[in-house]
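A quick write-up on the structure given underneath.
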Amino acid sequence: MFRNILVAVDGSAHADRALDEAIDIARTEHARLTIITGAAEPRTASMTAFSAGAAAALGPALMEHAERVLRAAVERVPDDVSVTTILTEKPIRKAILKRIEEGRHDLVVMGSRGRGAVRSAVLGSVSHHVLHHSPVPVLVVHADEPLIDPLVSNH
């Protein structure tokens, strides 16, 4: 049914779970897997000169982090699954939608949230955006919530 799957990763638990699901689907369907992650620099247009300079200094660190996330994701893919990687410096929402078209993907798999609920609320949810703008099916995956034993206290 699916032949060319795009999965977005960012190092979060939700993205890790999405990668697991994408790998399972790719193995079952004998599909190709493309893993995408982003290292977009923070917006500097509305920042003060000081904060813009600090944001520019983050660029190499963001790229290194994205490369580590991508390497870790690839290491989890079994040898019998064909995998391609994409690291983009473009805003991830646009990069995913552009890649769907250019790569002729027939399924997108992504976590329900990535870098935190507060940031998602402020900037908008990437998964929500892709879900509503993708021309192909989108599977949004939630990470398993950790089980909390009500009899165990952290205090």
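The values are calculated or read from the model by the stated rules, or taken from the named source; none is laboratory data. Computed from a predicted model, the values in this text were never measured in an experiment. Positions of Cβ are backbone-derived with ideal geometry, glycine not excepted, and every protein chain shown enters the neighbour counts. The accessibility values were calculated without ligands, DNA or RNA, using every heavy atom of the protein model including side chains. Shrake-Rupley method; radii C 1.70, N 1.55, O 1.52, S 1.80 Å.
General observations
- Qualifying residue in segment 117-138 (condition: in contact with a His (Cβ under 7 Å, 6 or more places away or on another chain), small (Gly, Ala, Ser), at pLDDT 70 or above and in a loop (DSSP other than H, G, I, E, B)): no
- Complete set of residues in segment 26-39 that are within 24 Å of ALA66 (Cβ to Cβ) and of a type in the set (Val, Ile, Thr): THR34, ILE35, ILE36, THR37
- Meets criteria (on the phi < 0 side of the Ramachandran plot, modelled with pLDDT of 90 or more, over 13 Å from the mean Cα position of the chain (by Cα) and surrounded by 19 or more Cβ atoms within 10 Å (Cβ to Cβ)) for ILE35: no
- Scanning segment 69-100 for residues that are touching a residue at least 60 places away in the same chain (Cβ under 8 Å) and among the small types (Gly, Ala, Ser), we see that the one that is nearest to THR34 (Cα to Cα) is ALA73.
- Some residue of segment 75-98 being assigned to a helix (DSSP H, G or I) and of a type in the set (Asp, Glu): yes
- Residue check for HIS142: of a type outside the set (Val, Ile, Thr), at pLDDT 90 or above and either open to solvent by 30 Å² or more (accessible area, probe 1.4 Å) or under 11 Å from HIS14 (Cβ atoms) (or both): no
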